[in-house]
Amino acid sequence: MASLAPSVPPEHVGPRARRWPIPDNRWHGVSDPPLSLALLCSGGCGFLALGLYLRTTAPTISWAHGGADGGDLITAAYLLGIPHPTGYPLWVLAAHVATWVPVGDVAFRVNAFSALCGALTVGLVAACTVKIAQRLEAESPPTLGPALAGSAAGLAFAISPMLWSQSTIAEVMTMHTALVSALLLLALRVEGARQSKTTLFELGLVAGASLSVHRTALLSVLAVAPLLVRPWRKTQWPQFAIAALGVALGLAPYALLSLRAGAAPAADWGHPATIEAFLHHVSGADYGYLLTIVPLPQALERFATIPHQVAEQFTWLGFGLVLLGGYRLATRDRNTSIALAVTFSANVVFALLYGGEGSESYLLPAFGVAAIWLGLGLLALVDAMRNHGFVVQTSVAAVCTAVLLVAGAQRAPSLDLSDDRQARTLAEATLIAAAPDTMVFRSDDAAAFTLRYLQAVEGLRPDVAVVDPRLLRFQWYRDGLETLYPSIPEIKLLHAQ
């Protein structure tokens, strides 16, 4: 009787057949990758990350991990108002929905939303890595290599200090990085000869949506261009129109700024009711000077720390895998290599030249790219062991994974905010101790925003006027104070002055 076992081509007999083979060859090739493999890796990594982040999320408003803006963002999300520039309208809308969940206080709900976005980011980075690894292995028999690369990238990124810390507080960076990762994944689909009308619309929609969360997404939108040059040469004008429609819908949340101007005085930064005020707010003009205040010698010193910062996220072993993965990709897939390198470099340059507090968080998309390189590097290292058999390959992968996980476990105590109530305790004490109908002056974002959150969201001591002297030069701020505290005579005096 003839054997029913699938035949193995002669060129696949020998050492390469031991590279963690998958018997089913139906998904061989780039044009039809196994969706189930990407979903399994991304879903598994994302689920584990979500559990980790929710377990270590701050139970209320927090100043840890650069969370000084948390009070402003949470208040704007709850009231559907306008936070500091550039307004982050899509984040405000999504976080507003998160405030409906009847779990914990409002601050915790927004913190948990950051955790959800962080887990989504992990899953998308894992999916991108699987997709790229499949392309690199297109000429080889199917193996578990792409799954290894995707899992390594996702888990390494999940336990990296920057993503972990931003996933436990109220901030926009996890949603921003999730959309940048989704943009890269869609660009890879388009570049892989899948430029259907639906995919082009999705690509445009995600590009616009990413810009509705953070303006630095423009760096990543431009960076994926090398992946789109070849397929878009064959794209006709109607398909460009579909992509443009997606971009327009993705940018639509910016209408929120004008529609809600003046609707919530406690969260009405800049009062962008006019076209001039709107453009001033979304461009971040008030913070433009921060791009030029870093002296050149200091900027060069910052650039020199990049290897150390990458190693801080992924260990020095991980840094070596990042370099190996980047090199392997550069030698096998030029377009994808350029797109990732530009994404990494552009975000690094912006983060290091920006002089604002907490600018290191702008490195998060760059670290996502580094995680992809790390996964590809581990795959390259395991491939180099193919002549030594399955046991050696598995041992190498296990040792590298163990090093990364141990480093993550060591970071846990410093990243765990599950008992952090310091910000709330201090702010509550300040308001409770204040005399009725008086003013409390605070010139730092963390304190001023937290006091405003407790008043506007939780209704604590609305009779006490919280004033930030730095903002008194703005007409919109003085108008807002008079609307919020009409019973305090000193407010009108401040307005007059």
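Just so it is clear, none of the values below were taken in a lab; they were calculated from the coordinates. Quantities reported herein were computed from a predicted structural model and do not represent experimental measurements. Counting neighbours? That spans all protein chains shown, and the Cβs are built from the backbone with ideal geometry, glycine included.
Computed FRET efficiency, Cβ-Cβ of residue 402 and residue 311, R0 25 Å: what is it to the nearest 0.05?
Computed FRET efficiency for residue 402 and residue 311 comes out at 0.90.
List every residue whose amide H lies under 5 Å from the amide H of residue 62, counting only residues 5 or more places away in sequence or on a different chain, with H placed 1.01 Å from N in the peptide plane.
170
Could you tell me how many cubic angstrom of Cα convex hull volume the chain has per residue?
That works out to 165 Å³ per residue.
Based on the mean of other Cβ atoms within 10 Å per residue, sort peptides 152-162, 266-276 so the most packed one is first.
Averaged packing, sorted descending, gives the order 152-162, 266-276.
Tell me, what is the percent relative contact order of the stretch 31-415, built from C-alpha pairs under 8 Å that lie six or more residues apart?
Relative contact order here is 21 percent.
Using alpha carbons only, how many angstrom separate the centre of the stretch 416-480 from the centre of the stretch 328-406?
42 Å
Which of rounded, prolate, oblate describes the stretch 201-294, given a ≥ b ≥ c as roots of the alpha-carbon gyration tensor eigenvalues and a/c under 1.5 marking rounded, otherwise prolate only if a/b is larger than b/c?
oblate
Between residue 426 and residue 330, what is the spin-label point distance in nm, taking each point 7 Å from the Cα along the Cα→C-beta axis?
Between residue 426 and residue 330, the simple spin-label model gives 4.5 nm.
Using amide H atoms built in the peptide plane, which far-off residues or other-chain residues are under 5 Å from residue 440 H to H?
Close amide H contacts, sequence-distant or interchain: 465, 466, 467.
Radius of gyration and Dmax for the stretch 304-378's Cα atoms, expressed in Å?
Cα-based Rg and Dmax for the stretch 304-378 come out at 12.3, 39 Å.
Using only alpha-carbon positions, what ratio does the radius of gyration of the stretch 255-323 give when scaled by 2.2 N^0.38 Å?
The stretch 255-323 yields a ratio of 1.84.
Which helices of the chain meet both criteria: a Cα extent of 15 Å or more along the helical axis and a mean Kyte-Doolittle score no lower than -0.5, with helices taken as whole DSSP H segments?
Once both thresholds are applied, what remains is 35-56, 106-136, 145-158, 173-191, 197-211, 237-251, 306-332, 334-353, 364-384, 390-415, 422-433, 445-456.
How long is the stretch 354-497 along each principal axis, judged by its Cα atoms, biggest number first, in Å?
Taking the Cα atoms of the stretch 354-497, the three principal extents are 82, 31, 20 Å.
Rounded to the nearest 500 deg cm²/dmol, what is the calculated helix-only ellipticity per residue at 222 nm for the chain, with -39500 (n - 2.57) per DSSP H run of length n ≥ 4?
Helix-only estimate at 222 nm: -20000 deg cm²/dmol.
I'd like to compare 353-363, 370-380: which one has the highest average count of other Cβ atoms within 10 Å, and what's the full order after that?
370-380, 353-363
What length, rounded to one decimal in nm, is gained on full extension from residue 472 through to residue 241, with 0.36 nm per residue of separation minus their alpha-carbon distance?
Gain on extension, residue 472 to residue 241, equals 78.6 nm.
Starting from the Cα-Cα distance between residue 460 and residue 293, subtract it from 0.36 nm times their residue separation and give me the gain in nm to one decimal.
Length gained between residue 460 and residue 293: 56.3 nm.
Pop the C-beta distance of residue 301 and residue 249 into the FRET formula with R0 = 41 Å and round what comes out to the nearest 0.05.
Once the sixth-power term is evaluated, E becomes 0.45.
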